[in-house]
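Encoded as structure tokens, the structure appears first; notes follow it.
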Amino acid sequence: MADGGGTGERPELPDRGKPIGRRVVLSVLALGAVGVATGRSISDTLAKIAEHDPTGVLNVLPFGANFRYYSVTGSVPVADPATYRLGVTGLVDTERQYSLTDLAALPQTDIVADFQCVTGWRVPDVPWSGVRLSTILAASGVKAQAKALRFVSFDGTYTESLTLDQARDPDMIVALRMLNGPVTHDHGGPVRLYAAPMYGYKSIKWLSEIQVVDRVEPGYWEGFGYAIDGWVGASNGRNDAPTR
Ligand SMILES: Nc1nc2c(c(=O)[nH]1)N[C@H]1C(S)=C(S)[C@@H](COP(=O)(O)O)O[C@H]1N2
Ligand SMILES: [Mo]
């Protein structure tokens with residue numbers, strides 16, 4: 001199958017990533033010098049260069065362990081926290097529309113874990129908090145023929161998927177908070193998914209609907225060849241990419 005033959009089951013914990021080679025460190029020092037020379041901060045300069053980094057080599061750098069802003073669409077509407085709703089629809093006994101207040105009233109789970117983009121950058125020990133997918137599924141009642149979840153973003157383009165088994169992993173949460181505050185707009189607020197054991201592309205931002213469906217429908221990046229089962233460490237995330 002398209003995910004490179006994975007079973008869909010959560011693998012053993014992987015190692016914490018690969019070391020950064022001397023060559024990379026040296027080229028970063030050189031880039032830093034450029035930043036000093038032009039009067040810009042080093043990290044600004046690095047960020048600018050990384051946007052146009054054809055080799056991808058800068059992707060292994062932590063950037064002072066910061067997130068990078070990702071969106072496959074040009075602009076995303078800002079949701080009003082007062083009118084925001086998260087829909088739970090499809091193969092359930094009771095469809096629901098959750099307000100932020102509703103979600104905040106459900107049991108909250110805290111997770112501190114690395115956030116790992118498949119392109120190589122990683123932010124260590126990020127604090128997250130939100131509602132387990134398992135809690136949300138139990139609240140609606142999942143019908144017998146249901147097999148998977150399809151996640152929809154109000155950016156109008158991005159989608160993601162999880163099997164029902166994956167979704168019931170206790171480390172899969174609908175995140176209301178990250179980095180000790182509400183999820184900001186740039187990070188996908190007011191509500192995003194945090195699929196802790198998986199690569200960042202599984203953690204869909206600007207979450208608006210969870211559809212309970214009878215088969216896995218591959219998400220946005222999976223349409224470009226990334227693994228459907230995006231377990232960190234179980235693969236390099238791409239079916240067709242060489243090992244590096
Ligand atoms: N709606 C939406 N969700 C998304 C993405 C996106 O482009 N659009 N990018 C994904 C990828 S590849 C990563 S690594 C993370 C990045 O999260 P951040 O923008 O908070 O750093 O969001 C994921 N969720
Ligand atoms: Mo990513």
Out of every Cα-Cα pair in segment 74-244, what percent are more than 22 Å apart?
-> 40 percent
DSSP loop trypsin sites (Lys or Arg not before Pro) in segment 112-174 with at most 13 other Cβ atoms within 10 Å of their Cβ, which ones?
-> LYS143
Taking alpha-carbon centroids only, segment 163-195 lies from segment 108-155 a number of Å equal to 5 Å
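Only the coordinates and a few stated rules stand behind these numbers; no lab work does. A quick note: this is a predicted structure, and the numbers were derived from the prediction, not measured. For neighbour counting, all protein chains shown are included, and Cβ atoms are generated from backbone atoms with ideal geometry for every residue, glycine included.
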